[in-house]
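Single-structure report; data block below.
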Amino acid sequence: MKYGVFSDIHGNLEALEAVLKDMEKEGCEKYWCLGDLVGYGANPNECIEKIRAIADETVLGNHDSASVGLEDTAHFNRYAREAVEWTSGHILPYNRDWLRKLPYTAMVDGILLVHASPAEPRSWRYMNYISDMLKGFQALEGRMAFIGHSHQPMILINRGEEFFSINSEEYRVEEGIRCIVNVGSVGQPRDNIPDASYVIWEPEIRTVRLKRVGYDVATAQKKIREAGLPEILAARLETGN
């Protein structure tokens, strides 16, 4: 069984379509979406509807939550706030209702799916520093989780008293360790690589594989600009930061 695990689509239809095509080519049979379907990009409804049709599990992200009025945007930066306000005005009612019903977490075969961190999922914590990593692992029930939120793919490991991260395109999960996998971002990578990011998980061989997929960046940028969204949201797609 192959699972396609992806996150942070952010209304980028071109990136999502490229990733879905690649997952099909790779033989993925089930799909897990870790939230932030919307925000930043110009195709929120199209992205929601494609994910609704294919994903076996989907959890709520902070941009999803804010775009459907479940929380305010006081903690968002200016550009994110403008994107949320635009998105909120464009989401169709049935897609809004669907987003509002998404859970903050899901547990599948002992694996936690969560947008940000196992620690206080509703607080949208990042897991970029050792202190965040410790809190995440302390809160983790079980041995494995998939997350998104930071837009930076990374594998976090807890082996005994050790806590560390590895950057690898493929990793075989060792027996006896605990592992939190950040799958990166489909629609707005921020690790200086503009290609869309997602992960293939094969439980039978305990292997996590990070994939990068090129897509039509120019068309995604053109749509953002034509929608009147902030220019930075289009420009950053070229550089992946």
Taking first residues from the stretch 200-228 that are small (Gly, Ala, Ser) and second residues anywhere that are assigned to a helix (DSSP H, G or I), the pairs with Cβ under 8 Å that are 6 or more apart or on different chains are Gly214/Ala18; Ala220/Leu13; Ala220/Glu14; Ala220/Ala15; Ala220/Ala234; Ala220/Leu237; Ala227/Trp86; Gly228/Trp86
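Look through Gly136, Gly160 and report the one residue that is surrounded by 15 or more Cβ atoms within 10 Å (Cβ to Cβ) and not polar (S, T, N, Q). Can you show your working first?
Working: Gly160 fails: surrounded by 15 or more Cβ atoms within 10 Å (Cβ to Cβ).
When all the criteria are applied, what remains is Gly136.
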Note: among Val186, Val208, just one is modelled with pLDDT of 95 or more, surrounded by 19 or more Cβ atoms within 10 Å (Cβ to Cβ) and in a loop (DSSP other than H, G, I, E, B), namely Val186
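Select from the stretch 163-180 the residues that are surrounded by fewer than 23 Cβ atoms within 10 Å (Cβ to Cβ) and either part of a loop (DSSP other than H, G, I, E, B) or in contact (Cβ under 8 Å) with a residue 60 or more places away in the chain (or both) and list them in ascending order. Before you say what the answer is, go through the steps one by one.
We begin by selecting, within the stretch 163-180, every residue surrounded by fewer than 23 Cβ atoms within 10 Å (Cβ to Cβ); these are 163-179.
Answer for the stretch 163-180, where residues must be surrounded by fewer than 23 Cβ atoms within 10 Å (Cβ to Cβ) and either part of a loop (DSSP other than H, G, I, E, B) or in contact (Cβ under 8 Å) with a residue 60 or more places away in the chain (or both): Asn167, Ser168, Glu169, Val173, Glu174, Glu175, Gly176, Ile177.
Mind checking which helices (runs of 4 or more DSSP H) fall wholly inside the stretch 1-113 and carry at least 2 residues that are surrounded by fewer than 24 Cβ atoms within 10 Å (Cβ to Cβ) and of a type in the set (Val, Ile, Thr)? Steps first, answer last, please.
Numbers: elements: 13-26, 44-54, 62-67, 78-90, 93-100.
Once the helices (runs of 4 or more DSSP H) in the stretch 1-113 are filtered for at least 2 residues that are surrounded by fewer than 24 Cβ atoms within 10 Å (Cβ to Cβ) and of a type in the set (Val, Ile, Thr), what remains is 44-54.
Just one of Ile9, Ile48, Ile54 is within 17 Å of Ser150 (Cα to Cα) and modelled with pLDDT of 95 or more; which is it?
Ile9
What do you reckon, is Lys25 over 15 Å from His151 (Cβ atoms), at pLDDT 95 or above and in contact with a Phe, Trp or Tyr (Cβ under 7 Å, 6 or more places away or on another chain)?
On the way: over 15 Å from His151 (Cβ atoms): yes; at pLDDT 95 or above: yes; in contact with a Phe, Trp or Tyr (Cβ under 7 Å, 6 or more places away or on another chain): no.
It is false that Lys25 is over 15 Å from His151 (Cβ atoms), at pLDDT 95 or above and in contact with a Phe, Trp or Tyr (Cβ under 7 Å, 6 or more places away or on another chain).
For the stretch 84-113, which residues satisfy the criterion of being in contact with a His (Cβ under 9 Å, 6 or more places away or on another chain) and either among the β-branched types (Val, Ile, Thr) or under 16 Å from Ile51 (Cβ atoms) (or both)? Break it down stepwise before answering.
Keep residues of the stretch 84-113 that are in contact with a His (Cβ under 9 Å, 6 or more places away or on another chain), which gives 84, 87, 104-105.
Residues satisfying the conditions are Val84, Thr87, Thr105.
The values are calculated or read from the model by the stated rules, or taken from the named source; none is laboratory data. All figures in this text were calculated on a predicted structure; none of them were measured in a lab. So basically every Cβ, Gly included, is an ideal-geometry build from the backbone, and we count neighbours across all protein chains shown.
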